[in-house]
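Undergrad: Here it is, the structure in full.
The values are calculated or read from the model by the stated rules, or taken from the named source; none is laboratory data. Owing to the predicted nature of the structure, the values given are computational and were not obtained by experimental measurement. We place every Cβ from the backbone using ideal geometry, glycine too, and count neighbours over all the protein chains shown. Quick note on the areas: whole protein, heavy atoms, side chains included, nothing else; ligands and nucleic acids left out. Shrake-Rupley method; radii C 1.70, N 1.55, O 1.52, S 1.80 Å.
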Amino acid sequence: MRLDKYLCSCTDLTRSMAKKLLHKGEVQCDGEVVKDPGFKVTDDTQVVLEGVPLGPVATRYIMLHKPAEFLCSNVDELYPSVLNLIELPKREALRIAGRLDVDTTGLVLLSEDGQWCHQITSPRRQCSKRYRAWLAEPLVADAEQQLAQGVQLHNEEGLTRPAELVRISDTEVLLTIEEGKYHQVKRMFAALGNKVVALHREAIGAIELDETLEPGEWRLLSEAEAQSVYGD
């Protein structure tokens, strides 16, 4: 790999910034100052930038406690992207596995690993997601049975997959689904004649949102958490 490209892959430098640092003599390869951007870096090359040893960025698996008013998007639009909350090099390479609406809070998972993200988002995988929802009106008496049997969403063919509802109170519930249709949780309660006034995702598969994370905070997943996606 070219040295300038390698520097960019290991840091948040642009190609032009990397070339400027090379020109200034701030980069060493195997103990020698190298100024040539096209210098070939191998797996065995020891690269030091401004006195700091570099290595390629490993694949990252991240949980984020998403606050409201942030978009699960790779670009800023009407609202800021959740990637702005991740203070890591090359954060733009992260994929968002299982998006949340702008006003929905809770667990979001991110990684560069496309296969891993696919395990979460693919309808064939039926990866479970648990939400805590607060409702505008008391639940109908047979809500558990209706959701377990599947409900008809507006402008959709067929019923939703069976979902598990746990009633905390008449207006606060836990709902576990295995789908990811557009605004699905809100539309499911609309099908029951109700309205979601607040929504928070607590878990994806076996991965539970870390209770120590405040809104906007994130951490790397443990190896066991990351691997649990394949066994859900």
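Undergrad: Quick check for me: using +1 on Lys/Arg Cβ and -1 on Asp/Glu Cβ, what's the dipole size of the chain about its Cα centre, in debye to the nearest 20?
TA: Dipole about the Cα centre, nearest 20: 680 debye.
Undergrad: How many angstrom lie between the Cα centre of region 109-129 and the Cα centre of region 16-84?
TA: Cα centres, region 109-129 to region 16-84: 26 Å.
Undergrad: Shifting gears a bit: In the structure displayed, which of K129/K181; K66/K90; K90/K181; K129/K186 lie more than 21 Å apart, Cα to Cα?
TA: K90/K181
Undergrad: What ranking do 187-193, 217-223, 124-130 get when scored by the average of other Cβ atoms within 10 Å per residue, highest first?
TA: Result, highest mean first: 187-193, 124-130, 217-223.
Undergrad: Using the charge dipole of region 75-143 (Lys, Arg: +1 at Cβ; Asp, Glu: -1 at Cβ; taken about the Cα centre), state which of L109, Q119, A136 has its Cα farthest towards the positive end.
TA: Toward the positive end, the furthest listed residue is Q119.
Undergrad: Heavy atoms only, 1.4 Å probe, whole protein assembly: order K186, K35, K181 by accessible area, highest first.
TA: The ranking, largest first, comes out as K35, K181, K186.
Undergrad: Are there any GluC sites (Glu not before Pro) in region 1-85 that are in a DSSP loop and have at most 12 other Cβ atoms within 10 Å? List them by number.
TA: Sparse-neighbourhood loop GluC sites (Glu not before Pro): E50, E69, E77.
Undergrad: Right, next: Over region 105-172, with every protein chain in place, what whole percent of the accessible area is carbon and sulfur at 1.4 Å, could you tell me?
TA: Answer for region 105-172: carbon and sulfur cover 47 percent of the accessible area.
Undergrad: Can you give the relative contact order of region 66-162 as a percent, counting alpha carbon pairs under 8 Å and 6+ residues apart?
TA: The value is 18 percent.
Undergrad: I need to check one value: relative contact order of region 112-180, counting alpha carbon pairs closer than 8 Å and at least 6 residues apart, in percent.
TA: Relative contact order comes out at 38 percent.
Undergrad: If contacts are Cα pairs under 8 angstrom and at least 6 residues apart, what is the relative contact order of region 1-152 in percent?
TA: 17 percent
Undergrad: Let me ask you something else. With viscosity set to 0.692 mPa s at 37 °C, what whole-number translational diffusion coefficient in µm²/s follows for the chain from Stokes-Einstein and a Kirkwood radius over Cα pairs?
TA: 163 µm²/s
Undergrad: Would you mind working out the accessible area per residue for the chain, using a 1.4 Å probe, and quoting it in Å²?
TA: Value for the chain: 54 Å² per residue.
Undergrad: Let me ask something else. E92 to H154: FRET efficiency via 1/(1 + (r/R0)^6), r the Cβ-Cβ distance, R0 41 Å, to the nearest 0.05?
TA: Calculated transfer efficiency: 0.70.
Undergrad: Using a cut-off of under 12 Å, list every residue of region 67-99 whose amide N is near the label point 7 Å from the Cα of D12 along the Cα-to-beta-carbon line.
TA: From region 67-99, the list is 83-93.
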